[in-house]
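As structure tokens, the structure follows; a few thoughts come after it.
Here, each number is a calculation from the coordinates, and none is a lab measurement. Worth saying up front: this structure is predicted, and the values here are computed from it rather than measured. Cβ: placed from backbone, ideal geometry, glycine included. Neighbour counts: every protein chain shown.
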Amino acid sequence: MISPVSDKLSKAKKRLLIVEDDKSIRETVREALVAEGYEVEVSKTGDEAQTRIFSQFDTCKKIDLIVLDLMLPNLNGIELCRRVRKNNIKTPILVVSAKDSESDRVLGLEVGADDYLIKPFGLNELIARCRAILRRSETNHQQPEDSSQVLSYKNISLYRQEYRVTKNNKEINLAPKEYKIMELFLQNPKRVWSRDQLLEQIWGIDYVGDSKTVDVHIRWIREKIEEDASAPDYIKTVRGFGYKFG
């Protein structure tokens, strides 16, 4: 068991970036996270945050988690998230937003956010979400890379070192979670996965969202890889249980 002292030290090594234009919210969140032992930086605009995120590897000040508001001046949070993922930056992103419709949450996840928290939120829940995302990120980095760098099934191939998927040698543009689902499926063709199993494998055991997110991501993948998403050849529904690939 990790002692409170060692746990505090491990958290102190984590650097978080808060991107929020509302001063009151920005300072309240910053103070709460600093009190938890995290090193915290803040950005007031999307442009300012983009500069900081893109320069993190040059400055040797790696960001471990981005807490991102969507409604920002100039460069909004959705576009910032999209640019970060397009440049293959895998820093985890927790979106916090007053936009609470299902379509807003789906869009946030689709462009690459790891989790979505609706305003107003409790600080304890925010801290719990941050801890969960950081634990998942740390676990993923500790897992050894599989010796097989190219996974294939029929005319679909996944190139693990390049983080890309092709069908008939044509590249398929997948969001991060979609890519991870495809990687899991290609590693385990014909295996049936329940929604809860997919949530645990892809989102982690600490994920507190709705299991319907699995169905949403499967639908998006089908639209990209199937000839007819309503009659899929690759990702099939196993009624009463979940999904299988192949």
>> Using square roots of five times the C-alpha gyration tensor eigenvalues, list the equivalent-ellipsoid semi-axes of the chain in whole Å, biggest first.
In response: 32, 20, 18
>> Show me the helices of the chain, taken as full DSSP H stretches, that run 24 Å or more along their long axis by Cα and average -1.0 or above in Kyte-Doolittle hydropathy.
In response: 123-142
> For the chain, what is the mean residue ellipticity at 222 nm derived from helices alone (per DSSP H run of n ≥ 4: -39500 (n - 2.57); sum divided by total residues; nearest 500 deg cm²/dmol)?
Replying inline: -12500 deg cm²/dmol
> Counting Lys +1, Arg +1, Asp -1, Glu -1, what net charge surrounds S211 among other residues with beta carbon under 13 Å of its beta carbon?
Replying inline: -2
> Sorted from largest down, what three extents in whole angstroms do the Cα atoms of segment 4-142 have along their principal axes?
Replying inline: 41, 34, 27
>> On a 21 Å Cα-Cα criterion, which of the cross-link pairs K14/K177; K170/K190; K170/K212; K86/K177; K224/K244 come out too long?
In response: K14/K177; K170/K190; K170/K212
> Please state the relative contact order of the chain as a whole percent: Cα pairs under 8 Å, 6+ residues apart?
Replying inline: 12
>> Using the Kirkwood formula on the Cα atoms of segment 21-82, what hydrodynamic radius do you get, in angstrom to one decimal?
In response: 12.3
> Which lysines have a Cα lying under 18 Å from the Cα of K119, excluding residues fewer than 8 positions away in the same chain?
Replying inline: K23, K44, K99
> Per q in 0.16, 0.19 1/Å, what log10 I(q)/I(0) does a Debye calculation on the alpha-carbon atoms of segment 150-245 return?
Replying inline: -0.63, -0.90
> Going through segment 147-246, which trypsin sites (Lys or Arg not before Pro) have at most 14 other Cβ atoms within 10 Å and a DSSP loop state?
Replying inline: K154, K190, R191, R239
> What size of dipole, in debye to the nearest 20, comes out for segment 125-246 about its Cα centre when the only charges are +1 on Lys and Arg C-beta atoms and -1 on Asp and Glu C-beta atoms?
Replying inline: 180
> What aspartates and glutamates sit close enough to K236 to cross-link, taking a C-alpha to C-alpha distance under 20 Å and skipping anything fewer than 8 places away on the same chain?
Replying inline: E178, E183, D196, E200, D215, E223, E226, E227, D228
